[in-house]
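Data block below; observations after.
The values are calculated or read from the model by the stated rules, or taken from the named source; none is laboratory data. What you are looking at is a predicted structure, and each value in this text was computed from that prediction instead of being measured. Here the Cβ positions follow ideal geometry from the backbone for every residue, glycine too, while neighbour counts run over all protein chains shown.
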Amino acid sequence: MSLLMKKLIFLIYLILFSLLIVSQSFAENLFKVRWVNDGDTIVLSDGRRVRYIGINAPEVAHEDKKAEPLGDKARNFNKKLVFQKKVRLKFGRERYDQYGRLLAYVFLRSGVFANARIIGEGYAFFLPRSPNVGYNALLLRYQRKAMSAKKGIWKNWKEKERNYIGNRRSKRFHTKTCPFGKSTDKRNRIFFSKKWDAFWAGYAPCKKCIPQ
Ligand SMILES: [Zn+2]
């Protein structure tokens with residue numbers, strides 16, 4: 001065998017080997033979705049629970065709690081997107097939440113970005129939380145689109161003007177009587193007269209003082 005042939009065969013082996021490595025690394029990051037709990041939580045076929053980063057969907061009914069408005073619709077939409085499909089996960093700096101759920105950006109193989117699509121249909125609001133901030137700007141863009149189109153939770157939106165205190169650091173907003181709002185450092189305060197304006201600016205409601 002000529003030296004050239006040997007070199008050629010070696011090269012072909014090298015290419016095949018690297019293709020194998022590349023395809024494996026893609027495959028490793030693909031997971032099948034076994035269950036859809038609600039608009040922002042799923043279970044993978046290996047049993048791991050995944051909480052979508054950057055979004056908060058209305059709750060579905062629990063044992064003792066009734067579903068929040070749109071909770072079931074949010075779940076159904078998420079189900080249509082990812083149930084029984086293979087998804088690719090991307091992570092932020094923080095991998096798990098306090099309940100041991102994996103925090104992830106969820107993509108279909110077609111490239112559809114589930115977190116953004118759910119916000120874009122108005123089935124969840126944007127919930128920024130550091131340090132997982134990689135897609136914040138994009139997620140807020142999807143929220144503004146949903147708000148402008150009055151979709152889902154933004155449909156028939158009515159509210160009276162009130163005083164809300166936003167925290168520029170935590171990106172949460174509070175009623176003016178909430179202790180967390182009151183204790184916000186003056187330099188970090190921003191005032192909103194409508195919840196709508198706070199959502200538009202990318203702030204999420206405080207769980208303690210604002211019913212969601
Ligand atoms: Zn509050």
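Taken together, the criteria exclude Arg109 from residues that are among the basic types (Lys, Arg) and within 18 Å of Ala201 (Cα to Cα). Taken as a whole, the structure places Pro128 among residues that are surrounded by 12 or more Cβ atoms within 10 Å (Cβ to Cβ) and either out of contact with any helix residue (DSSP H, G or I) (no Cβ under 7 Å at 6 or more places or on another chain) or under 30 Å from Arg187 (Cβ atoms) (or both).
Taken as a whole, region 159-175 holds no residue that is among the polar types (S, T, N, Q) and within 14 Å of Gly54 (Cβ to Cβ).
Among the strands (runs of 3 or more DSSP E) confined to region 116-212, the ones with at least 2 residues that are over 25 Å from Gly71 (Cα atoms) and within 11 Å of the ligand (Cβ to nearest atom) are located at 164-167. Residue pairs, Cβ under 7 Å, 6 or more apart or interchain, first in region 122-140 and under 16 Å from Phe91 (Cα atoms), second surrounded by fewer than 16 Cβ atoms within 10 Å (Cβ to Cβ) and at pLDDT 95 or above. List them. From residues that are under 16 Å from Phe91 (Cα atoms), the pairs are Pro131/Arg93; Pro131/Glu94; Asn132/Arg93; Asn132/Glu94.
Within region 44-73, which residues are under 14 Å from Lys86 (Cβ atoms) and surrounded by fewer than 16 Cβ atoms within 10 Å (Cβ to Cβ)? Walk me through how you get there before you give the answer.
Applying the first criterion (under 14 Å from Lys86 (Cβ atoms)) to region 44-73 yields 44-46, 50.
Ser45, Asp46, listed by residue number.
The sole residue among Tyr105, Tyr99 that is crowded, with 20+ Cβ neighbours inside 10 Å and either touching a Phe, Trp or Tyr at 6+ places or on another chain (Cβ under 8 Å) or farther than 20 Å from Lys171 by Cα (or both) is Tyr105. On inspection, Ala149 qualifies as within 29 Å of Val50 (Cβ to Cβ), of a type in the set (A, V, I, L, M) and loosely packed, with under 14 Cβ neighbours inside 10 Å.
Can you find even one residue in region 170-184 that is outside the structural domain of Val87 (by TED's automatic domain parsing), among the basic types (Lys, Arg) and at pLDDT 95 or above?
Let us first name the residues in region 170-184 that are outside the structural domain of Val87 (by TED's automatic domain parsing), namely 170-184.
Imposing the further condition that a residue be among the basic types (Lys, Arg) reduces the set to 171-172, 176, 182.
Those still in the list that are at pLDDT 95 or above too: 171-172.
Yes: one or more hits.
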